[in-house]
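The structure under discussion appears below in the form of structure tokens.
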Amino acid sequence: MRESIEGVKKKAISKNDSLLKGIRVLDLADEKASFCSKLLADMGAYVIKVEKPGGDASRNIGPFWNNTPHPEKSLFFWYHNTNKRGITLNIEHNSGREIFCRLLKKTDIVVETFRPGYLKELGLDFEVLRDINSRLILVSVTGFGQNGPRKHYQSCDLVASAMGGQMYVSGSTSTSPLKPYGEQSYYTASLFAAIGILLALQKRRKSGAGEHIDISLQEAVTSTLEHVMIRYFNDHTIPTRQGSLYWNNEFCIVPCKDGFILVTLFQQWETLVEWLDSEGMAGDLMDNKWADEEYRLKHLDRIIEVLKRWTLNHTTRELFEMGQLMGFPWAPVATPKEVIESPQLKERGFFVLIDQPKFQTCMNYPGLPYQFTSPMVKQWRRAPLIGEDNIRVFQGEIGLSRKEIKKLTSEGAI
């Protein structure tokens, strides 16, 4: 007998709900890998954000709700800790380490960003953790990895961008190297860490053993340099900074009446020139010499000059819509406001509204960049307040009494 459509849907929902359901994570990471544990939480894992008593240092990263700096108002922290529980625990305190080890017995994954050797100094290196829980997956995200001559060097996103080679190829030919927007090395490392965790979980199903995953910010950056390393390995070419011009000269960003647009320079050349000529803006590009691709490459500046003069007579929307109709992969350079108002993202329900009852407001957040047959997250949970789930975890999960919790709090252990 054929299953009903509703039956198939229920099975799909059940299957998606169990993607990381039952997987328990202790998140000891700072801003370098808090996005990794957020991804796991968004996929259904039970993630406990472990902060020092008083709150994690990343709570001091702005911007802040109503522009008021406060550990509970960091919008950075809010975004990176959705769908997590939150406890305070001092693992440098003897009692704090004991509680941590008790939590480990029920934990599948630990994500941490301490300097190499720190956990060993506390008697919590991977060998010790593995003795407590042989199935444990430990993920360490640091500037340069757990070994090598620079493992103890100080690092941050700027350092990773510079030493990973990313900064050298970012910017204009007329400027010094520039750092890409945001903290790209942290997000890249977090994505690699999340992928590594999923692979380790799959491996554990067969072997029954845990794993120590070592993620280097420098390596994460270098792994995403696209053509840069490939060209160097092949012919020792060192790419130059080209500003708004794509590395192979195929694309360029040019100004319009109301903003900027990404255009192709050589695709469907005859069609492009005819379009310009129909508006009397082709200039000398109609000459036969421009039909030769080698000639166009040598005189690229002239092509861009003519295109800029033309695009400044149009809005980004006019060129985008007409260009797409004609088969050109053009795109407006969208502002944050335009991204939020994108009809495509609205139709797909990309942004999610999360309640912040403490501040009597709701906030829009970027949702999941992947969609399953049924929703992965049924209800989004805001980031935890400092120590919000202490009672739930310490009393409900490991059996501490309220009296013990109060004593440990006064001692600085939790």
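The values are calculated or read from the model by the stated rules, or taken from the named source; none is laboratory data. This one's a predicted model, so the numbers in the text were calculated from it and none came from an experiment. Please note: Cβ atoms are built from the backbone with ideal geometry, for glycine as well, and neighbour counts cover all protein chains shown.
A residue that is under 30 Å from the mean Cα position of the chain (by Cα), of a type in the set (Asp, Glu), under 30 Å from Val228 (Cα atoms) and not in a helix (DSSP H, G or I) occurs somewhere in the range 245-253. Considering every residue within the range 348-358, establish whether at least one is touching a helix residue (DSSP H, G or I) at 6+ places or on another chain (Cβ under 9 Å), among the β-branched types (Val, Ile, Thr) and in contact (Cβ under 8 Å) with a residue 40 or more places away in the chain. Checking the range 348-358: at least one residue is touching a helix residue (DSSP H, G or I) at 6+ places or on another chain (Cβ under 9 Å), among the β-branched types (Val, Ile, Thr) and in contact (Cβ under 8 Å) with a residue 40 or more places away in the chain.
Hey, does the range 289-311 have a residue that's farther than 23 Å from Leu19 by Cα, among the β-branched types (Val, Ile, Thr), assigned by TED's automatic domain parsing to the domain that holds Asp277 and surrounded by fewer than 14 Cβ atoms within 10 Å (Cβ to Cβ)? Reasoning before the result, please.
Restricting attention to the range 289-311, the residues satisfying the condition of being farther than 23 Å from Leu19 by Cα are 289-311.
Next cut, among the β-branched types (Val, Ile, Thr) only: 303-304, 306, 311.
Then drop every residue that is not assigned by TED's automatic domain parsing to the domain that holds Asp277, which leaves 303-304, 306, 311.
Those still in the list that are surrounded by fewer than 14 Cβ atoms within 10 Å (Cβ to Cβ) too: none.
No, every residue in the range 289-311 fails to be farther than 23 Å from Leu19 by Cα, among the β-branched types (Val, Ile, Thr), assigned by TED's automatic domain parsing to the domain that holds Asp277 and surrounded by fewer than 14 Cβ atoms within 10 Å (Cβ to Cβ).
Sub-6 Å Cβ pairs linking a first residue in the range 42-68 that is more than 24 Å from Phe114 (Cα to Cα) to a second residue that is hydrophobic (A, V, I, L, M, F, W, C) and assigned to a loop (DSSP other than H, G, I, E, B), at least 6 apart or interchain, are Met43/Leu19; Met43/Leu20; Gly44/Leu19; Gly44/Leu20, ordered by first then second residue.
The single condition among (1) touching a residue at least 60 places away in the same chain (Cβ under 8 Å); (2) under 16 Å from Thr409 (Cβ atoms) that Thr82 does not satisfy is (2). Within the set Leu368, Leu300, Leu325, the sole residue that is more than 17 Å from Gly259 (Cβ to Cβ) and in contact (Cβ under 8 Å) with a residue 60 or more places away in the chain turns out to be Leu368. Regarding Ser176, is this residue free of Cβ contacts under 8 Å to residues at least 40 places away in the same chain and not charged (D, E, K, R)? Here the answer is yes, as Ser176 does meet what is asked. A single member of Glu72, Glu112 is over 18 Å from Ser140 (Cβ atoms) and not small (Gly, Ala, Ser), and it is Glu72. Scanning the range 221-245 for residues that are modelled with pLDDT of 90 or more and closer than 20 Å to Gly182 by Cβ yields a count of 9. Which of the residues spanning the range 214-263 are out of contact with any Pro (no Cβ under 6 Å at 6 or more places or on another chain), closer than 30 Å to Gln154 by Cα and hydrophobic (A, V, I, L, M, F, W, C)? If the condition is that a residue be out of contact with any Pro (no Cβ under 6 Å at 6 or more places or on another chain), closer than 30 Å to Gln154 by Cα and hydrophobic (A, V, I, L, M, F, W, C), then Ile215, Leu217, Ala220, Val221, Leu225, Met229, Ile230, Phe233, Ile238 are the ones that fit. Residues in the range 153-184 that are in contact with a Ser or Thr (Cβ under 9 Å, 6 or more places away or on another chain), part of a loop (DSSP other than H, G, I, E, B) and under 23 Å from Ile230 (Cα atoms): Gly164, Gly165, Gln166, Ser170, Ser172, Thr173, Pro177, Leu178, Lys179, Pro180. Residues in the range 199-223 that are at negative phi, surrounded by fewer than 17 Cβ atoms within 10 Å (Cβ to Cβ) and not in a helix (DSSP H, G or I): Ala209, Ser223. Residues that are closer than 22 Å to Phe126 by Cα, in contact (Cβ under 8 Å) with a residue 12 or more places away in the chain and polar (S, T, N, Q) within the range 192-248 comprise just one, Ser216. Do we find that Val377 is modelled with pLDDT of 95 or more and out of contact with any Pro (no Cβ under 9 Å at 6 or more places or on another chain) in this structure? Answer is no for this residue.
Can you give me the number of residues within the range 262-280 that are out of contact with any strand residue (DSSP E or B) (no Cβ under 7 Å at 6 or more places or on another chain) and either closer than 19 Å to Asn313 by Cβ or without any contact (Cβ under 8 Å) to a residue 40 or more places away in the chain (or both)?
In the first step, residues of the range 262-280 are kept if they are out of contact with any strand residue (DSSP E or B) (no Cβ under 7 Å at 6 or more places or on another chain); the result is 266-280.
Subset that is either closer than 19 Å to Asn313 by Cβ or without any contact (Cβ under 8 Å) to a residue 40 or more places away in the chain (or both): 266, 269-280.
Residues flagged as out of contact with any strand residue (DSSP E or B) (no Cβ under 7 Å at 6 or more places or on another chain) and either closer than 19 Å to Asn313 by Cβ or without any contact (Cβ under 8 Å) to a residue 40 or more places away in the chain (or both) within the range 262-280 amount to 13.
Ile195: touching a strand residue (DSSP E or B) at 6+ places or on another chain (Cβ under 6 Å), among the hydrophobic types (A, V, I, L, M, F, W, C) and in the same structural domain as Asp157 (by TED's automatic domain parsing), yes or no? When the stated conditions are applied, Ile195 does not pass them.
Among the residues of the range 256-283, those that are outside any helix (DSSP H, G or I) and surrounded by 15 or more Cβ atoms within 10 Å (Cβ to Cβ) comprise Cys256, Phe260, Ile261, Leu262, Val263, Thr264, Leu265, Phe266, Met281, Ala282.
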